[in-house]
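Mind looking over this structure? Questions follow.
The values are calculated or read from the model by the stated rules, or taken from the named source; none is laboratory data. Values in this document were obtained by computation on a predicted structure and should not be read as measured data. For neighbour counting, all protein chains shown are included, and Cβ atoms are generated from backbone atoms with ideal geometry for every residue, glycine included. Heavy atoms of the whole protein, side chains included, go into the accessibility calculation; ligands, DNA and RNA do not. Shrake-Rupley method; radii C 1.70, N 1.55, O 1.52, S 1.80 Å.
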Amino acid sequence: MSVRVGVAEEHKAAAILEIKAAMKINKDLRMHERYQTILLLLLGESYERISEVTGRTVATLYNYSKAYREQGMQGLQIGRPPGRHRLLTAEQEQQVYEVITNQTPEDQGFPSQMNWTSPLVRKWIEQKWNIRYSDRGTRDLLYRLKLSFTKPTYTLAKADPQKQEEFKEHFQELKTPRWAHRPDSV
């Protein structure tokens, strides 16, 4: 029995064929390296020699070998890295959502004439819970909360409706091509 990879001598040839078949259809370099490690172990190479060939530490190779020994080919699959833990609790994230959707920055003590922006949300979170987010982290949080970025549109409360109409007419004239103003144009 090949102790290093947990394959009995009578099953070694089949294991080698299985590894070679997986290597043929594989397109991921990291998976190829794992398959290569197991193949070389099955062929009798030492961990030190495989380390020289692959550039991986012997400890990493032991991990590949152990995973294969315990779970077979499935043990070699690359899992999704867990990533960093969230900085806010689910309740805090819900509160962020509620504040952004139901209140203005002015309601939270920020200067008026502001809309919620990523840097403003980041600043509010830091003031509220003393938790620092990067701008990218804040955008990721907003994306996770299904909030989108839009450019604000303003409605001027003190605007003169007559002047607005005059502007619209003048603007339409500016938008119309010059050739359209000629009497001989159709």
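Give the residues of the stretch 107-118 that are assigned to a helix (DSSP H, G or I) and closer than 14 Å to D140 by Cα, sorted by residue number.
Within the stretch 107-118, S118 is the sole residue that qualifies.
Separate question: Inspect the stretch 15-27 for any residue being in contact with a His (Cβ under 8 Å, 6 or more places away or on another chain) and closer than 21 Å to G79 by Cα and give the result as yes or no.
Scanning the stretch 15-27, I find at least one residue that is in contact with a His (Cβ under 8 Å, 6 or more places away or on another chain) and closer than 21 Å to G79 by Cα, so the answer is yes.
Same structure, new question: Is the stretch 50-59 home to any residue that is out of contact with any helix residue (DSSP H, G or I) (no Cβ under 9 Å at 6 or more places or on another chain) and under 15 Å from R69 (Cβ atoms)?
No: zero hits.
Still on this structure, please answer the following. Keeping to the stretch 105-127, report how many residues are of a type outside the set (S, T, Y) and under 27 Å from the mean Cα position of the chain (by Cα).
Here the count works out to 11.
Same structure again: Specify the residue that is modelled with the highest pLDDT; the eligible residues are those in the stretch 154-186 that are among the polar types (S, T, N, Q) and closer than 30 Å to W116 by Cβ.
So, considering only residues that are among the polar types (S, T, N, Q) and closer than 30 Å to W116 by Cβ, the one modelled with the highest pLDDT is Q164.
Name the single residue, out of those in the stretch 79-94 being more than 30 Å from Y64 (Cα to Cα) and not charged (D, E, K, R), that is least open to solvent (accessible area, probe 1.4 Å).
Restricting to residues being more than 30 Å from Y64 (Cα to Cα) and not charged (D, E, K, R), the top hit is L88.
Which residues, counting only those in the stretch 50-104, are in a helix (DSSP H, G or I), over 22 Å from the mean Cα position of the chain (by Cα) and more than 22 Å from E18 (Cβ to Cβ)?
S51, E52, V58, A59, E91, Q95, E98, V99, I100, T101, N102
Among what's in the stretch 122-135 and is assigned to a helix (DSSP H, G or I), among the charged types (D, E, K, R) and at pLDDT 90 or above, pick the residue that is surrounded by the fewest Cβ atoms within 10 Å (Cβ to Cβ).
E126
State the number of residues belonging to the stretch 2-33 that are in contact (Cβ under 8 Å) with a residue 12 or more places away in the chain and part of a helix (DSSP H, G or I).
The total comes to 11.
Here is a yes/no grid of residues against (1) closer than 30 Å to L141 by Cβ; (2) surrounded by fewer than 16 Cβ atoms within 10 Å (Cβ to Cβ):
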position: E10; (1), (2): no, yes
position: L42; (1), (2): no, no
position: I50; (1), (2): no, no
position: L61; (1), (2): no, no
position: Y68; (1), (2): no, no
position: L76; (1), (2): no, no
position: I100; (1), (2): yes, no
position: P105; (1), (2): yes, no
position: L120; (1), (2): yes, no
